[in-house]
Amino acid sequence: MTDNKAELEIIEEYTLDGKKRFRIRIKGLNIVFNLSASSPHEAASKAAELAVKLGLVKK
C-alpha cells in the first residue's frame with residue numbers, strides 16, 4: 001500500500017505492567033500495531049511513523 005492518506009484506527013487501549021498500550025490498525029489492511037504510548041495521539045504518531053518506515057504508506 002502506498003497511499004498518502006492511510007487512516008489509522010485505535011482498536012484497543014489497555015494497561016500492562018503499569019504502562020498504557022494501544023492496538024492500532026491501518027484501515028483497509030490486515031496490519032495491527034501494538035505499541036506503548038502515553039496518549040492516543042502519541043500512539044497514532046508512532047504507528048504512522050512505523051507504517052512509513054515499513055513502506056506501507058508514503059510520508
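The values are calculated or read from the model by the stated rules, or taken from the named source; none is laboratory data. Predicted model, so just to flag it, every value in this text is computed and none were measured. Using ideal geometry, Cβ is built from the backbone for each residue, glycine included, and neighbour counts are taken over all protein chains shown.
Restricting to the range 7-22, name every residue that is part of a loop (DSSP other than H, G, I, E, B) and over 11 Å from the mean Cα position of the chain (by Cα). The answer is Asp17, Gly18. The set of residues in the range 23-39 being more than 8 Å from the chain's Cα centre (by Cα) and either at pLDDT below 95 or part of a strand (DSSP E or B) (or both) consists of Lys27, Gly28, Leu29, Asn30, Ile31, Ser36.
Take the residues in the range 6-39 that are within 26 Å of Gly55 (Cβ to Cβ) and among the basic types (Lys, Arg); name whichever of them is surrounded by the fewest Cβ atoms within 10 Å (Cβ to Cβ).
For the range 6-39, the residue satisfying everything is Lys27.
Lys46 meets the stated requirement of being at pLDDT 90 or above, out of contact with any His (no Cβ under 9 Å at 6 or more places or on another chain) and either in a strand (DSSP E or B) or not aromatic (Phe, Trp, Tyr) (or both).
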